[in-house]
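Only the coordinates and a few stated rules stand behind these numbers; no lab work does. Not measured: the values here are computed from a predicted model. Don't worry about glycine lacking a Cβ; one is built from the backbone with ideal geometry, like all the others, and counts go over all protein chains shown.
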Amino acid sequence: MVRSVIVFVLVAWVGVFAFSQASLQIGDTAPGGGIIFGEEGGRYLEAAPNNVGWLEWDNAVSAARSFSGGGFHDWFLPNKDQLYLLFSSLFLRGQGDLPAAYYWSSTESSSTQARAMVFSNQFQGVFLKSNKCFARPIRYVDLPKQKAATTGETTRTDYKIGDTGPAGGIIFAVSDGGFLEVAPNDFLPKRTFQDAVGGAKNFRFGGFEDWRVPTKSELRQLWKTLKSAGIGNFSEANYWSSTPSSEGSAWTIFFATGEESSATKMTENLLRPVRGF
């Protein structure tokens, strides 16, 4: 009996140690019993496996703070950016048991209003706090991350156009020098050029932090290899490239037709981050 207990404890300890050293990916089960949906500031983000109610904003905040899934007491209501990441990382992939409905964020617009998102149509707006929306608690996970190179991404050489890449995006360019991967969804809402550059730089998806705005030629490849083939969930709108056309302008491509045009950097266009590996 004593020997069995010792073996059980040893196995359990080894299992916890192995889990704590593993590199988590979008959709993985997290320590609190929830689902990994992104990362922020060097920490993973975990979403609770279920909503905690259809509530007014004040009650939603309280319910999220009171949630104790997995024995943890550090849950909270996501801010508007974290809520969008939850939408793009889990809802659009059919993960997380997230109904296509209204969800509260913790981001306040005034003493009587807060921001929410409608998952059925991607609408983000300001709502009275007396309205009711779903609340989905989230928490940070402080497990150590591994470098992307240790996952073996650089050892694979058989990617093809349209394949799922290491970060969960879509492969859109293959060459002897490596591969290019695009995020699976637009980074909403539309934004100015500088906001697009900053947004791509701060984009965290699939455990990777090396996302950026595509160059003009890369954006052309995106339209040619993915949009024209009906792959990638692209909108028929203008997308930013990182290639300047003048001091105050940059090149864009209208994805409905593939037409290139120069736009002032204060114009608001869509962004689709890319990364190379």
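Extension gain, THR29 to GLN95, is 22.6 nm, computed as 0.36 nm per intervening residue step minus the present C-alpha separation.
Near the amide H of ASN131, within less than 5 Å, lie the amide hydrogens of TRP57, all on another chain or at least 5 residues away, with H placed in the peptide plane. Per the Kirkwood formula applied to alpha carbons, segment 90-133 shows a radius of gyration over Rh ratio, Rg over Rh, of 1.02.
With respect to the cross-link table entries LYS201/LYS227; LYS129/LYS190; LYS160/LYS216; LYS80/LYS132; LYS160/LYS227, which display a Cα-Cα separation exceeding 18 Å? Cα-Cα > 18 Å for LYS201/LYS227; LYS129/LYS190; LYS160/LYS216; rest within. Quick query: amide H of THR243 versus all other amide H atoms, modeled in the peptide plane; which residues come in under 5 Å with a sequence gap of 5 or more or a different chain? Distant-sequence amide H within range of THR243: LYS216, TRP251. For GLU247 and ASN202, the FRET efficiency from 1/(1 + (r/R0)^6), where r spans their Cβ atoms and R0 equals 35 Å, is about 0.90. When the Cα positions of VAL118, LEU86, SER68 are compared along the charge dipole of segment 24-141, VAL118 comes out farthest toward the positive end, with charges on each C-beta of Lys, Arg, Asp and Glu.
Near ASP81: Cβ cut-off under 12 Å, other residues only, Lys/Arg at +1 and Asp/Glu at -1. The net charge is +2.
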